[in-house]
Structure formats: C-alpha cells, structure tokens
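Right, one structure below, let's go through it.
The values are calculated or read from the model by the stated rules, or taken from the named source; none is laboratory data. Quick caveat: nothing in here was measured; it's all calculated off a predicted structure. Cβ placement follows ideal geometry from the backbone for every residue including glycine, while neighbour counts extend to all protein chains displayed.
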Amino acid sequence: QCVTVCPTGALTAVGYMKETWDALFDPSKKVVVQVAPAIRAAIGEEFGMPDGTAVTGKLVAALHQLGFDAVFDTTFAADLTIMEEGKEIIERIQKNENLPILTSCCPGWINFLEFHFPQLKYMPSTSKSPHQMMGTVVKTYYAEKIGVKPEDMVVISVMPCIAKKYEAAQPNLETNGIRDVDYVITTRELAKMFKEAGIDLKDMPDEEFDNPLGESTGAGVIFGSSGGVLEAALRTVYEVVTGNKLENIDFAAVRGLAGVKEAFIDLNGRIIRVAATSGLGNARKILEKVEDGSIKYDVIEIMACPGGCVNGGGQPFCHDRQEKIEARMRAIYEIDHTTKVRKSHENASVQKLYDEFFGEPGSEKAHQLLHTDYWFDDSKA
Ligand code: SF4
C-alpha cells in the first residue's frame, strides 16, 4: 500500500488502489464510483493532454471500461449540498444567528478548524461534504431503487484530495453502521489504475454519467475551484429568498487565486457580505478577524488548498505553478458556461430525489442522512 503525506494538513494517508481492484473483481459486490468536479479538469495531464483539457466524457468511458457497475458524478451531490447548505444559510441569516456560516465541504480546512479554532465549531454548515452525501444516497435511495442491500455495495470516491481519505474513515460518517464511502482514491491513483489496465484516456470516446445520480449543473461543477461553493450557493439563495431570477449568475468577484475575495449581495433589502478564501494561512487570518470582531461576514467559503480542489494534493503534480492552476480553473468555468442548467435548485434529478425520498431540504430525513456533527472532540475545546 502506498502512503502519502497531504501537503494541506500534514495528514498521512493510505492508498486504496488494491481494495478498489479487489472490489472490481468481486462478483458479489455492486461497485459504484463517483468523481469529483476537479478531476475532469486535471487528469488529462497524466496522459499528455494540454493543461486545462476537460475530459469529462472520456473519464466516464474509462471508468466504465475499468469495470465499475455505475459511474456517478459527485457534482450531482454538490447540487444536493447546495440545497441543504443553502437552507441553513437562509435560516441563519433570517434569524441573524451563528454567523458567519462557514462552508464545510473541505475536510482539510475542517480538520484545521478542529485543532486551531475549536471554539468556533458552531460556525460551519452541518451539511456533509458532497462525496459523503453521494455515498449516503447511493447506499439508501439508489440501493432501494435497484434492490441491492447496502452491505453488498462498495462506493469508491475519486477525489483531488488526500484529506478526503481521512474524512471518509471518520466513525460518524456512516449510516446504520455502514460506511457512506468505502474507499477514496486520488486523481493520480486513478490515472495509475487506468495505465495498469492499458487504458489511454486520449483514445476514449465520450460517454455520459449513469443515472439517476449523474445529472448535474454548472453550479455543481464550479465546486472544483476556490469561490465555486460560495458562488453556487449564492445562485440558489438569491433566487429562493427574493423570488427573482438572477440577471447575471456569474459572481466573478469571488473567482480566481486572490487570497480573500469578497462580494455584497442584496437579499430583499438585507445586504449580506460574503467571502471566499483559500490556503490555511489566509483562513487563519480571516478567522482571527471574525473572532475579534474586526470584520463581519455572513457567509465564508474556506478551502485548504490555494485555488481550491483544482490544486488538491491528489491531483497531478503541479508544484504551485500558477498557469497550470489557472488553466484548470478556466476548464471548470468553461464547463459551467456550456452546461444547460447552471443552478443547483434547477437540477431535475435532485428535485426528484426530494420528491421521492427526502421530502424537502432540511427535512428530518435529510438531517438524519445528509448532515453531520463532523468528528469534533469536545475534550479538545
Ligand atoms: Fe481537499 Fe479540495 Fe480541501 Fe484541498 S481544497 S483539502 S483538495 S477538499
């Protein structure tokens, strides 16, 4: 087994390629894979493609060829995250309590909060991260739909991130005693598996994700870039609160590689102040200001890796080369621009999931299955 050290949090992580191969060769298991938004903008580099080549369709085809029974898009679950997190944002702003709400989909940053700012643990959204939500939905809703017992399923997450391995192993991220996500492999590890199987991504045709958990929006895709989670949330929160259609859904002020990016949004007369930051040095500075009251925000997105998941520790090596990170970011925003549906609340498959299973965002069932108290240990506070 390969052991890797995470550049974002000095986390030591174990590779799960062998376990993934074993699952693929086990006929008694239904093996489901999901891929995070940032993978499609970077894995082509491992096969000699130019930086910033988006390879979504080829990636899906290659995963089918590797033998997965279903290939789902974590971007679908990013849209689901926005429905749950958006509900929390609206409630906290309306009640004016526990602000700022902090995004919770980056385990590198949540781990940092746990150790350095445990007194602020009431601030993050309680929504699970997208790939954990997907694991839960696969082993409940999808398992019921296809008539397979959750214990006979294996969920593999392909992530740009080494911290996600640590996250998936947390004891509270399971449902009825069954892990939400069984194994996490990184972009580099998946590329290695393709090569071991003789698959060259360049030669693959384009294929579609499987359904019912493969449909996604532009909002879900931009989770891969710093500022994307915040922008996706704003697209939904604005329309839900005001009842108006957003004229311009591109929140350019929160995009890019700057350490801290800010915007002000008018929600029916209540002007909210939001920020996106990446890199743990920037996170520390912003949290210190929030704590001493020298700055007031309503919503803050924090990602541990500078630039967000496009620059994650599990991505093809990039040695902080700014052009490479910017090329991956451009690919992400180009996918968003060319996707027909660009707001999470307009994802028809997510709407169907609520109709058939969860009821509505923030319902009791949604809280039970899609939210968490992370892995905070009160004794550290
Ligand atoms: Fe992982 Fe993305 Fe957070 Fe980096 S920014 S630690 S890749 S979730």
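Tell me, please, whether a residue that is closer than 27 Å to CYS305 by Cβ, part of a helix (DSSP H, G or I), out of contact with any Lys or Arg (no Cβ under 8 Å at 6 or more places or on another chain) and polar (S, T, N, Q) can be found in the range 132-149. Yes, the conditions are met somewhere in the range 132-149. Could you please tell me which pairs satisfy a Cβ distance under 8 Å, a separation of 6+ or placement on different chains, a first residue in the range 129-141 that is of a type in the set (Gly, Ala, Ser), and a second residue that is assigned to a helix (DSSP H, G or I)? Close Cβ pairs satisfying both conditions: SER129/THR81; SER129/PRO107; SER129/LYS164; SER129/GLU167; GLY135/ALA168.
For the range 181-212, filtering for residues that are farther than 15 Å from PRO160 by Cα and touching a strand residue (DSSP E or B) at 6+ places or on another chain (Cβ under 6 Å) leaves 4. For the range 251-280: of the residues being exposed (fewer than 15 other Cβ atoms within 10 Å of the Cβ) and of a type outside the set (Gly, Ala, Ser), which is nearest to SER225 (Cα to Cα)? Ranking the qualifying residues of the range 251-280, first place goes to PHE264.
Of all residues in the range 296-330, those that are more than 16 Å from the ligand (Cβ to nearest atom), more than 18 Å from THR277 (Cβ to Cβ) and in a helix (DSSP H, G or I) total 3. Looking at the range 336-343, can you tell me whether even one residue there is at pLDDT 95 or above, within 30 Å of LYS192 (Cα to Cα), buried (at least 17 other Cβ atoms within 10 Å of the Cβ) and more than 15 Å from the ligand (Cβ to nearest atom)? Scanning the range 336-343, I find at least one residue that is at pLDDT 95 or above, within 30 Å of LYS192 (Cα to Cα), buried (at least 17 other Cβ atoms within 10 Å of the Cβ) and more than 15 Å from the ligand (Cβ to nearest atom), so the answer is yes. Is the range 154-162 home to any residue that is at pLDDT below 95, within 16 Å of the ligand (Cβ to nearest atom) and part of a loop (DSSP other than H, G, I, E, B)? Yes: one or more hits. Taken as a whole, the condition of being surrounded by 15 or more Cβ atoms within 10 Å (Cβ to Cβ), over 20 Å from HIS116 (Cβ atoms) and more than 19 Å from the chain's Cα centre (by Cα) does not apply to CYS309.
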